[in-house]
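Engineer: One structure, as C-alpha cells, below. Some questions next.
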Amino acid sequence: MTVDPFNRGKHHAAVVGGSLVLAAILWVAGYSLPRIVAAVPWFLLFLVMAIGPVTKLRPSIRRRYSGNFPLNWRSELGIWFVIWSLVHVGGVFRFMGWDVVGFVVGMSAWAFAATVAVILAIILAFTSNNRAYKFMGPKAWKWHQSHGTYVMFWLLTVHIYDQTFLRGGIPPTDLLHILYVATIVVVVGLHIAAFVKVVSHYREHGRYPGSI
C-alpha cells in the first residue's frame, strides 16, 4: 500500500489548531474579526514560503527527521491558506453587500492582485494531491506548485503594500502591519541566502546539492 504524501489528517489537525491559536492571540490583542481572518492565511503562506529555503540552508533538518520533514507540511499549510483566504474574500463581499460585479468593475490594483492570487491559490489547492502528482509527473508538478506559489506570494505582497503603507501610513505603526513587512523581508532574505548557498555549492563541487 502506497503512503499518501499529501493531506495527512494529523497535519491538517495541527494546522487548524495552530491557526485557531493565532486567531485567538490576535483577538485578545484587540484586532477585529475581519483583520484576523485576513492575517491568518498570510502567516500560513509565510510558512509555506519559508520552509523550502530553510531546508536548503539547513539540510540537516531533513536528515534529522523522518517523513521528508518539514517539506511534507507544505500541502496542508497551503490548503488551509486557501480555505482561510476564501473566508476572508467572502467576508469582503458580504461587507459590500455581495456586489461582486461592482467590485470587479471598480477593482483597484491591489484588489486585482489579490483576486488573481486567490484564483491561483484555488488551482494550486486542487492540484495538491497524489492524482495530480502522478498525472503531471514529479518535475512538472513541482514546477507548477513552486512557480505558482511564488507568483501568488508576490501578488499578495502588492495587497500587503496597499494595506500597510498606502492605508496604514509611512512608517507603519500597527503591529500587525509591521509583522506583515517583517515576514516579507524574512522570505526574501531566506530565498536569496538559499540561492547563494546553492550557487556556492555548485561552484565548489561542480554539481548542485542533492535536493535540487
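The values are calculated or read from the model by the stated rules, or taken from the named source; none is laboratory data. Here the structure is a predicted model, which means the values were calculated and not measured. Positions of Cβ are generated from backbone atoms using ideal geometry, with glycine treated the same way; all protein chains shown enter the neighbour counts.
Engineer: For the structure I just gave you, tell me whether residue 187 is part of a helix (DSSP H, G or I), surrounded by fewer than 16 Cβ atoms within 10 Å (Cβ to Cβ) and either modelled with pLDDT of 90 or more or of a type in the set (Phe, Trp, Tyr) (or both).
Structural biologist: When the stated conditions are applied, residue 187 does not pass them.
Engineer: Can you report the number of residues in region 142-177 which are under 26 Å from residue 73 (Cβ atoms) and either surrounded by 14 or more Cβ atoms within 10 Å (Cβ to Cβ) or not charged (D, E, K, R) (or both)?
Structural biologist: Qualifying residue count for the region: 18.
Engineer: Sticking with this structure for a sec: Kindly indicate whether any position in region 115-134 is surrounded by fewer than 17 Cβ atoms within 10 Å (Cβ to Cβ), closer than 23 Å to residue 36 by Cα and more than 14 Å from the chain's Cα centre (by Cα).
Structural biologist: Looking through region 115-134, at least one residue is surrounded by fewer than 17 Cβ atoms within 10 Å (Cβ to Cβ), closer than 23 Å to residue 36 by Cα and more than 14 Å from the chain's Cα centre (by Cα).
Engineer: Right, next: Evaluate the following for residue 139: is it more than 26 Å from residue 111 (Cβ to Cβ), basic (Lys, Arg), surrounded by fewer than 13 Cβ atoms within 10 Å (Cβ to Cβ) and out of contact with any Ser or Thr (no Cβ under 9 Å at 6 or more places or on another chain)?
Structural biologist: Judged against the criteria, residue 139 is a match.
Engineer: Need pairs with beta-carbon distance below 7 Å; first residue at pLDDT 80 or above and within region 85-110, second surrounded by 11 or more Cβ atoms within 10 Å (Cβ to Cβ) and in a helix (DSSP H, G or I); sequence gap 6+ or separate chains.
Structural biologist: Cβ pairs passing all conditions: 85/41; 85/118; 85/121; 87/37; 88/37; 88/38; 88/41; 89/118.
Engineer: Hey, among the residues in region 28-37 that are touching a helix residue (DSSP H, G or I) at 6+ places or on another chain (Cβ under 8 Å) and free of Cβ contacts under 8 Å to residues at least 60 places away in the same chain, which one's surrounded by the fewest Cβ atoms within 10 Å (Cβ to Cβ)?
Structural biologist: 33
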